[in-house]
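S.K.: I am attaching a structure below and will ask some questions about it afterwards.
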Amino acid sequence: MEIEPLISGSKWSMIHLLSEKSRSPTELAEKTGTSIANISQQLRLLEVAGIVKKERCGSREKGKPHMLFSLNGDTAYIAAICSGFSEKKMIPADAHHQAVLRIWMLTSPEMHLSLERFYLEAEKILSVSSIAANPDSKKIMVIAKDKDSEKKVSEIKTDLEVTVAGEKQAGRMPAGYACIYSR
């Protein structure tokens with residue numbers, strides 16, 4: 001089955017909404033401004049392609065089942081268009097893949113390599129809770145779970161401006177920062 005038609009237009013809007021949380025067809029119809037019949041048809045296509053899954057949960061009205069839809073696992077659809085190389089494929093996206101993809105999605109390409117290298121070193125430190133980047137300023141913030149991890153992170157060599165904080169700072173990410181990794 002061709003994936004491109006399934007990840008565009010209103011289907012993409014639905015996928016984006018389902019990436020936030022599980023939703024009912026009614027909620028998706030309201031959020032996308034389309035009919036439940038249209039949403040149901042599109043959800044069937046996404047389900048057949050293995051992109052979404054449905055689960056029956058309780059009932060809102062007596063005798064009527066309530067269905068919730070969610071993403072069917074974490075995947076990445078990657079299309080590479082380069083001189084001498086072009087390929088497209090769907091791959092499973094574990095935490096590492098998701099972090100690298102978030103880095104690539106930052107608007108400052110000049111940060112990509114430095115941030116990837118930093119992430120690969122920080123990934124080895126098991127007590128790192130999250131890493132966020134400000135693509136406009138080459139600044140990153142790392143939340144570490146303990147003092148030893150804070151020290152190890154601060155010793156990573158990089159050309160980025162790194163701020164390391166403890167768990168108490170986890171909910172206080174400065175404005176303009178995008179999360180690239182969260183454990």
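S.K.: Give MET67, MET90 a once-over and let me know the one that is touching a helix residue (DSSP H, G or I) at 6+ places or on another chain (Cβ under 9 Å) and not acidic (Asp, Glu).
M.R.: MET67
S.K.: Filtering region 122-147 down to residues that are loosely packed, with under 15 Cβ neighbours inside 10 Å and acidic (Asp, Glu), which residue is modelled with the lowest pLDDT?
M.R.: Within region 122-147, the match that is modelled with the lowest pLDDT is ASP136.
S.K.: Could you pull out the residue among ILE103, ILE125 that is in contact with a helix residue (DSSP H, G or I) (Cβ under 7 Å, 6 or more places away or on another chain), in contact (Cβ under 8 Å) with a residue 24 or more places away in the chain, part of a loop (DSSP other than H, G, I, E, B) and of a type in the set (A, V, I, L, M)?
M.R.: Going through ILE103, ILE125 in turn, just one is in contact with a helix residue (DSSP H, G or I) (Cβ under 7 Å, 6 or more places away or on another chain), in contact (Cβ under 8 Å) with a residue 24 or more places away in the chain, part of a loop (DSSP other than H, G, I, E, B) and of a type in the set (A, V, I, L, M): ILE125.
S.K.: Something else about it: Criterion first (in a strand (DSSP E or B), of a type in the set (S, T, N, Q) and either over 15 Å from VAL162 (Cβ atoms) or not assigned by TED's automatic domain parsing to the domain that holds SER8 (or both)) does SER149 satisfy it?
M.R.: no
S.K.: Among the residues of region 148-181 satisfying the criterion of being at pLDDT 90 or above and basic (Lys, Arg), which is surrounded by the most Cβ atoms within 10 Å (Cβ to Cβ)?
M.R.: Ranking the qualifying residues of region 148-181, first place goes to LYS152.
S.K.: Would you be able to tell me the number of residues in region 1-22 that are in contact with a Ser or Thr (Cβ under 8 Å, 6 or more places away or on another chain), surrounded by 15 or more Cβ atoms within 10 Å (Cβ to Cβ) and either among the charged types (D, E, K, R) or in a helix (DSSP H, G or I) (or both)?
M.R.: Looking only at that region, the number is 4.
S.K.: I would also like to ask the following. (1) farther than 28 Å from LYS168 by Cα; (2) outside the structural domain of SER13 (by TED's automatic domain parsing); (3) of a type in the set (Ser, Thr, Tyr); (4) modelled with pLDDT under 90: which one isn't true of SER59, the others all being true?
M.R.: Only one criterion is unmet by SER59, namely (2).
S.K.: Additional query: Here are the criteria: (1) loosely packed, with under 15 Cβ neighbours inside 10 Å; (2) outside any loop (DSSP other than H, G, I, E, B); (3) more than 20 Å from the chain's Cα centre (by Cα). Tell me which single one ALA79 does not satisfy.
M.R.: (3)
The values are calculated or read from the model by the stated rules, or taken from the named source; none is laboratory data. It should be emphasised that the depicted structure is a prediction, and the values quoted were computed from it without experimental measurement. Ideal geometry is used to build each Cβ from the backbone, glycine not excepted, and the neighbour counts take in all protein chains shown.
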